[in-house]
1. When you scan region 26-40, how many residues do you find that are farther than 18 Å from residue 59 by Cβ and exposed (fewer than 11 other Cβ atoms within 10 Å of the Cβ)?
2. If a residue has to be out of contact with any strand residue (DSSP E or B) (no Cβ under 9 Å at 6 or more places or on another chain) and within 17 Å of residue 41 (Cβ to Cβ) to count, how many in region 115-129 make the cut?
3. Hand me the list of helices (runs of 4 or more DSSP H) wholly inside region 1-116 holding 2 or more residues that are at pLDDT 85 or above.
């Protein structure tokens with residue numbers, strides 16, 4: 001009997017693990033995400049896809065919707081290689097619109113990614129509609145659109 005009291009049952013261990021996982025999940029989704037991820041993606045610059053996929057959409061969902069929310073989805077022809085934010089199309093368009101209509105009226109989201117395929121672009125558009133994007137500008141190079149084998153894609 002004494003050796004049974006000293007050992008926890010497998011069920012008790014499972015409950016402990018589940019409670020620990022729930023606590024970690026609660027912390028990561030709440031305080032950690034708000035204090036680390038949101039500032040990294042959205043403070044001081046337009047929110048921009050940085051290779052993490054769905055994190056961008058979670059960040060945008062937590063930001064207050066101010067003015068007109070314009071989202072850009074595209075491949076490397078829109079991103080123009082990863083680098084300073086001031087070299088990419090969404091930044092330049094957002095800067096021009098803010099100068100014309102006021103900084104508080106325009107909110108720009110850059111969901112462009114190098115090597116983005118058409119199916120992934122459609123998924124990004126769906127997620128942007130879910131975070132209340134008012135205008136979505138898309139561009140994906142024709143080479144990224146799948147075509148049946150042996151058939152050329154006509155863009156006319």
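1. Total satisfying the criteria: 0.
2. Summing the residues that are out of contact with any strand residue (DSSP E or B) (no Cβ under 9 Å at 6 or more places or on another chain) and within 17 Å of residue 41 (Cβ to Cβ) in region 115-129 gives 1.
3. 10-27, 89-101
The values are calculated or read from the model by the stated rules, or taken from the named source; none is laboratory data. Everything quoted here is computed from the prediction, not taken from an experiment. No Cβ is skipped: glycine too gets one built from the backbone with ideal geometry, and neighbour counts run over all protein chains shown.
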